[in-house]
Amino acid sequence: MSTTHKEFHFSVTIHTDDKFLLGCLRALSQEAQSEINVRIPWGGTKASDWIRRNHRATFRFTSAAKRELFLREAQRLLPQELWKVTGTNDDDPASPQDSR
């Protein structure tokens, strides 16, 4: 695991049955992080990952504040009946994703 990925250890797992909303969450995670590598927050959230994880996706950030920004903007912009937080973790580092 790269040093950069280890920095992204503040996670939130979200359940949604809406594939299009998943895409919105991916974009929001990128905007909330906005530095270092903006693609790391949504690593491991491809549709195939989301399906395999029973419609759950985990997003990772470099700080609790960035994770909270992500959640605040998701609550502001996305219909809350379409998604829910199923967990958070302050020690859940990202890992490099296979590009397949």
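General observations
- Phi-derived couplings, Karplus 6.51 cos²θ - 1.76 cosθ + 1.60 at θ = phi - 60°, listed residue by residue for the range 27-37: 5, 5, 5, 5, 5, 5, 6, 6, 7, 6, 10 Hz, with x used for Gly and Pro.
- Residue with peak Gaussian network fluctuation, the chain [Cα springs, cutoff 10 Å], from Leu25, Leu82, Leu69: Leu82
- Solvent exposure of the chain as accessible area per residue, Å², 1.4 Å probe: 58
- Rounded to the nearest angstrom and listed largest first, the equivalent-ellipsoid semi-axes of the chain from its Cα gyration tensor are 19, 16, 12.
- The phi-based Karplus calculation (6.51 cos²θ - 1.76 cosθ + 1.60; θ = phi - 60°) puts the 3J(HN,Hα) values of the range 67-74 at 5, 5, 4, 4, 5, 4, 5, 4 Hz, whole numbers, x for Gly and Pro.
- Set of lysines near Lys66 by C-alpha distance (under 22 Å), chain-local residues within fewer than 8 positions excluded: Lys6, Lys46, Lys84
- Assuming charge only on the beta carbon of Lys and Arg (+1) and of Asp and Glu (-1), the dipole of the chain about its Cα centre is about 240 debye to the nearest 20.
- Apportionment of accessible area to carbon and sulfur, the chain, percent (1.4 Å): 49
- For Ile36, distant residues with modelled amide H under 5 Å away: none
The values are calculated or read from the model by the stated rules, or taken from the named source; none is laboratory data. Quick caveat: nothing in here was measured; it's all calculated off a predicted structure. A quick note on method: Cβ atoms are made from the backbone with ideal geometry, for glycine too, and the neighbour counts reach across all protein chains shown. Each accessible area value is taken on the protein alone, full model and side chains, heavy atoms only, with ligands, DNA and RNA left out. Shrake-Rupley method; radii C 1.70, N 1.55, O 1.52, S 1.80 Å.
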